[in-house]
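*Asks:* Sending over a structure as structure tokens; questions will come in a sec.
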Amino acid sequence: MDAFEWLNGYSVGFGLHHVDFKHPDRPRTPKRSAHYYYDIIRDNGFPLPEEEKPLYGNFCEGFAWSVATASYQIEGGWRADGKGLSIWDKFAHTPLKVGNDDNGDVACDSYHKINEDVDMLRRLKVNHYRFSISWPRILPDGTTRKINEAGLNYYHHLIDALLAVNIKPQVTLYHWDLPQALQDVGGWENDTIVKRFRDYADVVFSNLGEKVKFWITINEPYNVANIGHGYGTAAPGTVIIKDFRPGTAPYIVAHNLIKAHAEAWHLYNDRYRAKQGGIVGITINSDWALPRNPYKQEDIDAARRVVEFQIGWFAHPVFNGDYNKVMKNRIRERSFAAGLPKSRLPEFTPEEVKRIKGTYDYFGFNHYTTVLAFNMDYKNLQHYDADRGVGTIHDRSWLDSGSAWLKVTPPWFRTILNFIKEEYGNPIIYITENGISERGNMNLNDIHRIHYYENYINQALKAYLLDGVDIRGYTAWTLMDNLEWATGFAEKFGLFYINRSDPSLPRIPKQSATHYATIK
């Protein structure tokens, strides 16, 4: 147990049990290490846990093996052929916003390297490719006043090149690069964005829908709402709302994202589905959460709130019509306690509930890692973290990556896939992102990435074969090292290395690229 640690007094704790020295009874509380040491003694060593043992088998016939990218991260050509500015163009050109002041002006130059990119895909032996459309490349000011034919032609050429080698496109309409012209009038905080997004979707469906049969409306709305408008560490990075109240902006943005998704889904369903025969969904990201102390009910409840405030924030309205009760109750109660006249979480009208519910053909899911959660009281602060009432940390025994937030935790991939199955009525699931990063000098023998993919894909296979989770596709993130948003080019998620010291930006396969090609 923690004790008097010589010259350090009580400031250093070596114990398997925490001792509260401020309490006269000196109560002892087991740390996670105590439970872990107990397991080692019980098992007489380190036998491979049942959940980590490999399972051999196959996914369904026609399984969609894919790899993903996003327009701003790879395309470059930031002012080419009439493209308008995006919020990421502005954000990345603002000093100190992006690591090393990197930007996507050139990125991986995919705007000029369709053939090279398709060749990489062929080497991976994938049958699908997930990429996103740059909204300002198609509609420079975000509206249909001017349609940029050169921008549309780029995507026509890319899609044609994919189809020529039997690779099916999976197209994301919005992967975070909002036209700056729309941001100038409030962006996602202005509810006129719902119609603007529908109009944009209409242009894309009508021009590309004969060739594209798999659509994602919005990628990771959680990040758009909370990272871009709550923490401000992603574009647009500021809060612009006239009647701003603390902690409100992310909820307003999320509200409009959900309604915009629903309108795009209905547009496709009503006008294009019968003729084009595609499917449409939204891609939602979420960590899994474990209680920091699995024997403490407060931590168990906190872990559940992590999931309800991340995956549930968006999945509950799309699949069930409205926000989940945990979010509604907590935000309402905390808003009233702060003296506000109503909840900071907007309400859907009955008509909106009906309009939003069921706007999916599948569940698009991005997942990377797990956190340890514990209850945390933020007092009367009015923002997302305080509403959630949770602190999160990582287990120090989990394998690391090149991203501070990403630890290697494969077993709980299966757990969260089962959560989706149980919570949302066993929907068809497409895993639309999963991957791991590195930093520092490049080592093409990226065994950590091979380990990650082997174990995460195996957990997905277990969910499919043993648990009956209806998984129809898996997508690796990402095709090549690219601009990793606010961290710049420092974090590398790619199966291919981009040599940025060579102006031609050659694509060089890592060992993981060869390995991924053998899994399918």
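*Asks:* Could you give the angle, 0 to 90 degrees to the nearest 10, between helix 311-320's Cα long axis and the longest principal axis of the Cα atoms of the chain?
*Replies:* Tilt relative to the chain: about 60 degrees.
*Asks:* To make sure I understand the rule: partners must be lysines, Cα under 22 Å from the Cα of K125, and not fewer than 8 residues away in the same chain. Which ones qualify?
*Replies:* In chain and number order, the partners are K113, K168, K211, K213, K492, K510, K520.
*Asks:* Quick check for you: with a 1.4 Å probe and neighbouring chains kept, what is the accessible area per residue of segment 1-64, in Å²?
*Replies:* Per-residue accessible area for segment 1-64 comes out at 83 Å².
*Asks:* For P(r) over Cα pairs in 20 Å bins from 0, in percent, pick the label among (1) 21, 56, 21, 2; (2) 21, 51, 25, 3; (3) 23, 59, 17, 0 that corresponds to the value derived from the coordinates.
*Replies:* (1)
*Asks:* Still on this structure, please answer the following. Could you give each residue of segment 136-141 its phi-based ³J(HN,Hα) in whole Hz, using Karplus coefficients 6.51, -1.76, 1.60 with θ = phi - 60°, and x for Gly or Pro?
*Replies:* Per-residue couplings from phi come out as x, 6, 8, 10, x, 9 Hz.
*Asks:* Carbon and sulfur together cover what percent of the accessible area of segment 221-339 at a 1.4 Å probe radius?
*Replies:* Summing carbon and sulfur atoms, their accessible area is 52 percent of the total for segment 221-339.
*Asks:* Mind putting a number on the dipole of the chain about its Cα centre? Charges go on the C-beta only, +1 for Lys and Arg and -1 for Asp and Glu, and I need it in Debye to the nearest 20.
*Replies:* 640
*Asks:* Sticking with this structure for a sec: When the dipole is taken about the Cα centre of segment 281-327, and only Lys, Arg (+1) and Asp, Glu (-1) are charged at their Cβ, what size is it in debye, to the nearest 20?
*Replies:* In total the dipole reaches around 60 debye.
*Asks:* Report the local net charge at Y72: Lys and Arg +1, Asp and Glu -1, summed over other residues whose C-beta lies under 9 Å from its C-beta.
*Replies:* -3
*Asks:* How high is the relative contact order of segment 372-476? Use alpha-carbon pairs under 8 Å, at least six apart in sequence, and give a whole percent.
*Replies:* Normalised by residue count, the contact order of segment 372-476 is 28 percent.
*Asks:* Over segment 166-318, what per residue volume does the convex hull of the Cα atoms give, in whole Å³?
*Replies:* Taking the convex hull of the Cα positions in segment 166-318, it is 142 Å³ per residue.
*Asks:* Let me ask something else about it. Would you mind counting up the charge near Y384? Only other residues with Cβ under 13 Å from its Cβ, with Lys and Arg at +1 and Asp and Glu at -1.
*Replies:* Around Y384, the surrounding residues sum to +2.
*Asks:* Taking amide H atoms as placed 1.01 Å from N in the peptide plane, list the residues 5 or more away in sequence, or in a different chain, whose amide H sits under 5 Å from that of K168.
*Replies:* Under 5 Å from the amide H of K168 lie the amide H atoms of H128, Y129, each far enough along the sequence or on another chain.
*Asks:* What number comes out for accessible area per residue over segment 439-506 if the probe is 1.4 Å? Units Å², please.
*Replies:* Per-residue value: 35 Å².
*Asks:* With unit charges on the beta carbons (Lys and Arg positive, Asp and Glu negative) and the dipole taken about the Cα centre of the chain, which residue among Y251, I471, L158 sits farthest to the positive side?
*Replies:* The residue sitting most towards the positive pole is Y251.
*Asks:* Once phi is turned into ³J(HN,Hα) by the Karplus curve 6.51 cos²θ - 1.76 cosθ + 1.60 with θ = phi - 60°, what whole-Hz value does each residue of segment 431-441 show in order, with x for glycine and proline?
*Replies:* With coefficients 6.51, -1.76 and 1.60, one gets 6, 9, 7, 6, x, 9, 10, 9, 10, x, 4 Hz.
*Asks:* So for segment 374-498, taking the charge dipole from beta-carbon charges (+1 Lys/Arg, -1 Asp/Glu), which of P410, P427, F374 sits furthest toward the positive end?
*Replies:* So the residue furthest toward the plus end is P410.
*Asks:* Let me ask something else about it. Give the angle, between 0 and 90 degrees and rounded to the nearest 10, that separates the Cα long axis of helix 193-208 from the longest principal axis of the Cα atoms of the chain.
*Replies:* For helix 193-208, the angle is close to 60 degrees.
*Asks:* Let me ask something else. Computing the accessible area with a 1.4 Å probe over protein heavy atoms, can you report the carbon and sulfur percentage for segment 41-188?
*Replies:* Looking at segment 41-188 in its full context, I get 50 percent from C and S.
*Asks:* OK, next. How many percent of the accessible area of segment 379-520 is carbon or sulfur, using a 1.4 Å probe?
*Replies:* With neighbouring chains kept in place, the figure for segment 379-520 is 51 percent.
*Asks:* As a test question: what accessible area, to the nearest 10 Å², does T518 have when a 1.4 Å probe is rolled over all protein chains in place?
*Replies:* About 90 Å², rounded to the nearest 10.
*Asks:* Could you do me a favour and compute the accessible area per residue for segment 87-226, 1.4 Å probe, result in Å²?
*Replies:* Ligands and nucleic acids excluded, the result is 36 Å² per residue.
*Asks:* Next question. Would you mind counting up the charge near Q276? Only other residues with Cβ under 11 Å from its Cβ, with Lys and Arg at +1 and Asp and Glu at -1.
*Replies:* +4
*Asks:* Per the helix-only calculation at 222 nm, which mean residue ellipticity applies to the chain, given -39500 (n - 2.57) for every DSSP H run of n ≥ 4 and division by its residues, nearest 500 deg cm²/dmol?
*Replies:* -10500 deg cm²/dmol
*Asks:* Lysines within cross-link reach of K421: Cα-Cα under 20 Å, excluding same-chain residues under 8 positions apart?
*Replies:* Hits, sequence-local ones excluded: K325, K357, K462.
The values are calculated or read from the model by the stated rules, or taken from the named source; none is laboratory data. As the structure is a computational prediction, the values presented were derived from the model and not from experiment. No Cβ is skipped: glycine too gets one built from the backbone with ideal geometry, and neighbour counts run over all protein chains shown. We work out accessible area using only protein heavy atoms, side chains counted, and drop any ligands, DNA or RNA first. Shrake-Rupley method; radii C 1.70, N 1.55, O 1.52, S 1.80 Å.
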